[in-house]
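Student: The structure follows.
A short reminder: the numbers here are calculations on the coordinates, not readings from a lab. Since the structure is predicted, the reported quantities are computational estimates derived from the model, not experimental observations. When we count neighbours, we look across all protein chains shown, and the Cβ atoms used for this are built from the backbone with ideal geometry, even at glycine.
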Amino acid sequence: MTGLQMRDVSFGLIVHVARFAVILFGLWLAPLLGVTGWYLGLFVNVLCAVYAVVLVTYLKLWKSIGFLTLWRGRSSLLLLAVPFAEAVFRVVPNGLTDQPPGFGLWTLTLLLVGFNEELISRGVVLSRLSRSFTAIPAVAVTAALFGLQHLSAFATTDRGTYDVLTNVLASATYGFALAAFQYRFSWIWPLIVIHGLADFTSILARTSYGDLVVAVTCVIFLIYGLVVLRPLARRATRARASSEGRNGSARKPDDQRAR
């Protein structure tokens, strides 16, 4: 790993650790302001959204990550069908359960989750890693950091070790799929919507699927990410072959003179 790559990975790690610090700060501050219970999550995600906006604004990434792009083409829309279908699949066949404080506030909170996590991971971190890594390593490291950030559940929830680690793995593969899409298309706002939808259906679905379904979903997301990146890999291979061909042609007269 080069020095630049190490600095970029360190940058991504610091960005995620800083987000965790924002979460801890929010959990400390909220009760002092009278915010308790379910509304702690909403409050903390507002702070995380502010953190994400500050980062993206400071780094001037709004345009390059595609937040301001309304349409990116038919192929990008078709590829979004896979993560969208995964989100919708959770509500089949039993639909959603209306948990307090109601669908409206759940929608707001989980859109904020999608907003801050996409801007931070697929926006800030992936953009930085893309300058020093090729496609698959950049996407893989982004996904790994995104998965590892969910270790924060050990400090912020009472979930068991197996549950947290399973979520880390599932989040990493999900992050791989979304990072692959973002690397290829630079179109982040649809990912925000789909991410929010996936969290919404995951939490409010009446049906809870077991580990086998989770494992199959993880494999599907890994394959999906590789398929999304495949055209870029082909292009890079052709570019290398073309470059080597030109270099060979440039050396040929010298070789002939030597003979």
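Student: Are there DSSP H segments in the chain that both extend 27 Å or more along their axis (alpha-carbon positions) and score a mean Kyte-Doolittle hydropathy of at least 0.5? List them, or say none.
Tutor: Details: long enough: 3-32 (43 Å, 1.35); 39-58 (29 Å, 2.04); 161-185 (36 Å, 0.60); 211-258 (67 Å, 0.01).
Qualifying helices: 3-32, 39-58, 161-185.
Student: Around LEU111, under 15 Å between beta carbons, what's the net of Lys plus Arg minus Asp minus Glu among the other residues?
Tutor: Local charge sum for LEU111: -3.
Student: I'd like the FRET efficiency for THR107 and VAL219, computed as 1/(1 + (r/R0)^6) with the beta carbon distance as r and R0 of 25 Å, rounded to 0.05.
Tutor: FRET efficiency, THR107 to VAL219: 0.25.
Student: At most 14 other Cβ atoms within 10 Å and a DSSP loop assignment: could you name the chymotrypsin sites (Phe, Trp or Tyr not before Pro) in segment 1-86 that fit?
Tutor: Passing both the DSSP loop test and the Cβ count: TRP38, TRP71.
Student: Another question, then. For segment 112-166, state which trypsin sites (Lys or Arg not before Pro) are in a DSSP loop and have at most 14 other beta carbons lying within 10 Å of their beta carbon.
Tutor: Taking segment 112-166 and a limit of 14 other Cβ atoms within 10 Å, the loop trypsin sites (Lys or Arg not before Pro) found are ARG131, ARG159.
Student: Let me ask you something else. Seen from all sides and averaged, what is the projected area of the convex hull of the Cα atoms in segment 51-95, in nm²?
Tutor: The directionally averaged projection comes out at 4.9 nm².
Student: In Å, what Rg and Dmax follow from the Cα atoms of the chain?
Tutor: 21.2, 86
Student: Turning to a different aspect of this structure: Counting other Cβ atoms within 10 Å, keep those with at most 11, restrict to DSSP loop, and tell me which chymotrypsin sites (Phe, Trp or Tyr not before Pro) in segment 154-228 are left.
Tutor: Filter output for segment 154-228: empty list.
Student: Continuing with the same structure: Given H placed 1.01 Å from N in the peptide plane, which residues other than close sequence neighbours of LEU96 have an amide H under 5 Å from its amide H?
Tutor: Under 5 Å from the amide H of LEU96 lie the amide H atoms of ARG206, each far enough along the sequence or on another chain.
Student: Could you tell me the center-to-center distance, by alpha carbons, between segment 61-138 and segment 147-182 in angstrom?
Tutor: 15
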